[in-house]
1. Sort 15-26, 420-431 for me by packing, meaning the mean count of neighbouring Cβ atoms within 10 Å per residue, highest on top.
2. Largest first, what is the accessible-area ranking of 287, 101, 106 with a 1.4 Å probe?
3. If you rank 96, 339 by how much accessible surface each has, with a 1.4 Å probe, what is the order from largest down?
4. Order the peptides 276-282, 316-322 from the highest to the lowest mean number of other Cβ atoms within 10 Å of their residues.
5. For the pairs 101/283; 106/430; 289/430, note any where the Cα-Cα span goes beyond 29 Å.
6. Mind running the shape call on segment 419-487? Use the C-alpha gyration tensor, a ≥ b ≥ c as the square roots of the eigenvalues: rounded below 1.5 for a/c, prolate if a/b tops b/c, oblate otherwise.
7. Order these peptides, 238-249, 112-123, by their mean beta-carbon neighbour count within 10 angstrom, highest first.
8. If amide hydrogens are placed 1.01 Å from N in the peptide plane, which non-local residues have theirs closer than 5 Å to the one on residue 190?
Amino acid sequence: MEGFLWIGLANVLDPINVAAIFAGALIGMFVGAMPGLSATMAIALLLPLTYSFRPETGLAMLASLYLAAMYGGSISAILLRTPGTPAAAATVMDGHPMARKGQAGKALGLSLTASLIGGLLSSVALLTVAPALGRVVLNFGPVEIFAVAVLGITIIGTLSQGSTIMGLFSGALGLLLATVGMDPTTGTPRFTFGILDLFSGINFTVALIGLFSIPQAVRLIVEGNRGSGERVSNIGDRMLPTGREFVQLLPNSIRSGFIGVVTGLIPGTGGDTASWFAYNEAKRFAKNKAEFGTGTPAGVVAPEAANNAVVGGALIPTIALGIPGSSSTAVLLGGLMVHGILPGPSLMTDYGDVTYTLLWAVLLANVALFAVGILFTRACVAVTRIPNRVVGPVIVVLSVIGAYAINNSMFDIGLMIAFGMLGLAFDAFKIPTPPLVIGLILGPILDTTLQQSMLIGQNNWMIFLQNPISATLLAIALLSALQATPLFGWLGRSMKRATAGKQVTTGGTE
């Protein structure tokens, strides 16, 4: 694997890949600055463009876009009091008050600097932890990989926002949709209903574009500019912090960066969770807690360092185990599938050159983001002035073009619209979308490894329990699923009430 490490470094320093990283940073920053749009949707829209690139070039560009969109979300959060991405919600608390005081440039500079520190921390963690995990899974076979995939789908389902049952339903639907097409072992068509376009299965990229882009476009068109808050239309002060200010914000940035990395390691969480966690910790460590919410720099630094650090943390289980750490990394895995690379524990060995290029690209993307941020943040302010009812139709047009460009097929446009309607239905019934995406990704892995495992075990299901690794992983998956069910929660509360009642009775007797 050490050889792949240096091959990846050489690849990422290729001028074409460097240009792709800087282009991704610029696009991601503009997209992130648009209120209501997300890094996940930006990656989904850009996926079709990577068809014409080499795998390492396309993935480097997507990773850079992912990082830059995280920072871009703070631009509208600070200037408009409207988070550009969900991860920037905590930045509003102190970022917008700073802008109202005439310190918009300082707030954006603090956000950019903190994003760099958090991103560099997560990149170092990614380069050290992911290869170590990769060595552990070198001996994984179909039985163990099946158990890892089961663990992935249960964790994503149970950690989804809202109803746990709805989350598990969404993941199960994704698994069902992943079986559409030819059986990988027998070659028998499944759920194709005689439609030749479905014989190769549901195109993952088309599904992603529909699920994430169409619902967001409809929301922007319907809502218009309601709730956009008071706008700060210009930046007149200095952006970058002074040396003294940098030293003062460093401990907060490092602490928040570590919070982001750890939060990103937990599949199903994201930048929004890490941002609020880091914001609360910054407030707890602050000498004057009353300053938070009134425009204190620490309130901007903490969430921005955390949400960028989440990127590297979420990529660790994504690359080492094939378990997406967030919805954005789930879509990033789609970038691998676009280039014929099947995600999973063997990713770092079978496609080591591409994988290590991606690891180094995340590190370089942080530097590119800082450089692009200094040069173009003031220009990005113009993006925040575009009306939502203009952005929405543009997203629809880009979605149609992207879906058609994949296979030059009108069927793909119809499929994309169908998934868009499914996404709207999910929003209406409060059903989380990320588990469905995870199901679409992990479905083929589950399908193939299950059949391989049954062949190894001669159709004996006990093969999964006889293997200690798979048995342990399946037990963790079962506990993860049970812990989040309403029945488990009810039993836990009942036991607490019974214990409390017994203690009261005992105390009264004495």
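1. Those peptides, ordered most packed to least, come out 15-26, 420-431.
2. Accessible-area ranking of 287, 101, 106, largest first: 287, 101, 106.
3. Reading off the accessible areas and sorting them downward yields 339, 96.
4. Top to bottom by mean Cβ count within 10 Å: 316-322, 276-282.
5. Checking Cα-Cα distances, 106/430; 289/430 exceed 29 Å.
6. Here segment 419-487 falls in the oblate category.
7. Top of the packing list down: 112-123, 238-249.
8. 181, 182, 183
The values are calculated or read from the model by the stated rules, or taken from the named source; none is laboratory data. None of these values were measured; they are calculated from a predicted model. Note that we place each Cβ from the backbone using ideal geometry, even for glycine, and neighbour counts take in every protein chain shown. The protein model used for the area step is the full one, side chains on, heavy atoms only, and it has no ligands, DNA or RNA in it. Shrake-Rupley method; radii C 1.70, N 1.55, O 1.52, S 1.80 Å.
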